[in-house]
Ligand code: SF4
């Protein structure tokens with residue numbers, strides 16, 4: 001069934017929109033708009049647009065600002081971070097999701113417009129930061145996502161730094177501790193992401209007080225109660241986290257990608273998450289079944305891990321064990337250890353949505369298996 005729209009374009013602008021076909025599955029509209037013509041504010045359900053003739057359309061969003069105005073603000077956030085911290089390198093953190101894809105497209109364009117060299121260019125003495133794209137290969141994710149990241153970087157000639165976590169793998173960690181739930185998330189984050197990121201900082205830091213700028217696609221609309229307010233710029237040691245799309249909406253993202261003809265990840269369009277990381281700490285109910293439907297190899301690997309852990313250890317809970325009581329668990333963890341890390345915002349949003357969902361079971365526990373030391377060794 002077609003979703004109810006706030007305002008139907010055909011009703012608010014019949015001089016521009018006319019209906020060619022309308023049935024219970026889809027509606028086809030013909031749009032004829034003259035140069036300089038405006039239409040009143042309206043909405044569309046999921047849509048596909050085919051342009052018959054060339055033109056440039058400017059969208060004004062409900063907050064009365066155009067995408068171009070918001071992008072100017074995004075560039076200003078980048079300018080401010082560079083001016084304040086003078087980083088030697090800028091990395092766009094590209095997970096493969098739509099937010100990180102659009103941010104990476106924006107950040108790489110920004111760097112090129114400012115005349116910054118790529119990390120693969122010959123050395124210069126211009127004193128400007130050099131830029132690249134970074135992807136953390138957690139080892140527990142959907143391979144199609146990694147391929148998407150690699151092919152996209154190749155297509156746009158973005159220098160990619162792909163890093164796996166050094167030391168213990170996810171598989172080793174779960175054999176020692178069992179599958180993580182919300183309370184163990186911060187340990188898994190450190191093992192899977194933080195340590196991999198540290199290798200990027202270590203390899204590109206040029207001096208003791210040097211700073212490396214890490215650009216994320218985090219948006220304030222994705223933030224959750226536990227994450228607190230998303231900051232435009234924040235410093236964490238040598239890492240300068242910058243979120244140029246913090247004020248950009250999901251609708252802006254979709255329009256930005258469409259306007260630049262950027263190919264989106266099929267993984268996100270099928271399972272609604274980037275799939276680059278599947279620690280399971282915040283898996284939602286039915287998530288593994290959904291993964292199995294689209295990416296059976298990944299689901300088989302997770303199921304194999306479950307069998308191994310059950311057979312070889314005393315931990316008899318499986319992947320995503322907290323899903324049945326994720327809402328309850330997350331509530332118990334509020335203000336305790338469940339602070340989300342900059343690279344886990346998508347999962348933070350997922351659990352927040354799960355909290356808001358109806359009919360979530362109130363079972364589960366916050367018991368941490370093992371000790372803090374064993375979790376991080
Ligand atoms: S919570 Fe999400 S992003 Fe964070 S480590 Fe787990 S799967 Fe990865």
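Laboratory data are not the source of any read-out in this text; all were calculated from the coordinates shown. All of these numbers come straight from a predicted model, not from anything done at the bench. Cβ: placed from backbone, ideal geometry, glycine included. Neighbour counts: every protein chain shown.
Sort the range 152-225 into rounded, prolate or oblate with this rule: let a ≥ b ≥ c be the square roots of the eigenvalues of the Cα gyration tensor; rounded if a/c is under 1.5, and if a/c is not under 1.5, prolate when a/b is larger than b/c, oblate otherwise. Could the numbers behind the result be given before it?
Working: a/c = 1.69, a/b = 1.38, b/c = 1.22.
Prolate, because a/c is 1.5 or more and a/b exceeds b/c.
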Using the basic label-point model (7 angstrom from Cα toward the beta carbon), what is the residue 147 to residue 51 distance in nanometres?
3.0 nm
Simple spin-label model, 7 Å along Cα-to-Cβ: residue 293 to residue 203 in nm?
3.8 nm
Using 7 Å Cα-to-Cβ label points, what is the residue 304/residue 41 separation (nm, one decimal)?
5.3 nm
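Extension gain residue 27-residue 118, at 0.36 nm per residue separation less the Cα-Cα distance, in nm?
Details: separation 91, 0.36 × 91 = 32.76 nm, distance 4.55 nm.
Additional length available on full extension: 28.2 nm.
Expected output is a single nm value to one decimal: the length gained when fully extending between residue 270 and residue 76, i.e. 0.36 nm times separation in residues minus the C-alpha distance. What is it?
Full-extension gain reported as 66.4 nm.
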